[in-house]
1. Do any of LYS19/LYS155; LYS97/LYS137; LYS97/LYS148; LYS44/LYS180 go past 28 Å between their Cα atoms, and which?
2. What accessible area per residue, rounded to a whole number of Å², is obtained for segment 2-192 using a probe radius of 1.4 Å?
3. So what's the gap between the Cα centers of segment 138-192 and segment 20-51, to the nearest angstrom?
4. What's the magnitude of the charge dipole for the chain around its Cα centre, counting Lys and Arg as +1 and Asp and Glu as -1 at the beta-carbon? Answer in Debye, nearest 20.
5. Relative to the compact globular guide of 2.2 N^0.38 Å, what is the alpha carbon radius of gyration of the chain, as a ratio?
Amino acid sequence: MSKAKGMLLVISGPAGAGKGTLIDLLRDWDDSFAFSVSCTTRGKRYYETDGKEYHFIDDETFDRYIQEGAFLEYAVVHDHRYGTLLSEVEERIAQGKSVILDIDVQGGLAVMSKAPDCVSVFIYPPSFQDLRDHLHKRGSEGEEEIEKRLRNAHKEMQKMGEYQYLVLNDELERAFDRIKTIVCAERMRASRYLPTVPEKRESIEN
Ligand code: 5GP
């Protein structure tokens with residue numbers, strides 16, 4: 001049997017569409033997925049841990065990483081800087097592991113052009129009201145920040161046709177089923193996995 005190539009899974013979608021929850025479910029379902037921890041210059045939220053959700057860095061360090069060519073992509077999102085470190089991605093993919101990127105549309109488009117064999121998924125809500133409700137319920141942003149995210153949501157959704165897969169998150173379990181379907185189908189792509197079929201069935205150990 002030949003070894004499958006790792007999958008670079010790009011997940012985008014507006015704030016409040018449920019990306020984070022769906023990514024957590026995906027990682028629980030299949031622990032071969034690694035999460036790429038991005039760098040950001042935004043402040044840490046009370047429930048976040050440095051190195052887990054993000055590497056929280058200052059502007060100077062962000063500039064240095066750009067100069068050193070450490071990023072696969074970087075962008076300004078909701079007035080803060082975010083970047084995907086090559087070191088979170090390259091080695092794992094080369095080892096045949098799969099990596100999830102939770103990045104905005106600017107970053108998603110940049111990764112699609114740099115790594116055309118990535119799998120791109122855009123998660124969208126049933127309505128803008130759903131996004132608004134979700135952001136209020138989450139309670140991590142004030143009214144002004146919520147409005148900013150809703151404005152960005154309109155912009156992001158104009159670009160969703162650039163993604164390979166569009167997943168409606170009308171209900172969590174249903175949305176998760178859709179993502180699992182994508183992952184299962186992508187794993188069977190011939191470009192990812194070319195099996196060698198033996199004359200006789202190989203004995204199954206254990
Ligand atoms: P938050 O600050 O709410 O965690 O994330 C804000 C937005 O930044 C989300 O849309 C998230 O997908 C995006 N984001 C997180 N990390 C990166 C990254 O490394 N690059 C880009 N381009 N966007 C990112």
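The values are calculated or read from the model by the stated rules, or taken from the named source; none is laboratory data. Values in this document were obtained by computation on a predicted structure and should not be read as measured data. Cβ sites come from the backbone with ideal geometry, for glycine too, and all protein chains shown count toward neighbours. Each accessible area value is taken on the protein alone, full model and side chains, heavy atoms only, with ligands, DNA and RNA left out. Shrake-Rupley method; radii C 1.70, N 1.55, O 1.52, S 1.80 Å.
1. LYS97/LYS137; LYS97/LYS148; LYS44/LYS180
2. Per-residue accessible area for segment 2-192 comes out at 52 Å².
3. What the calculation gives is 15 Å, centre to centre.
4. Here the chain has a charge dipole of around 640 debye.
5. Cα-based Rg divided by the globular estimate yields 1.10.
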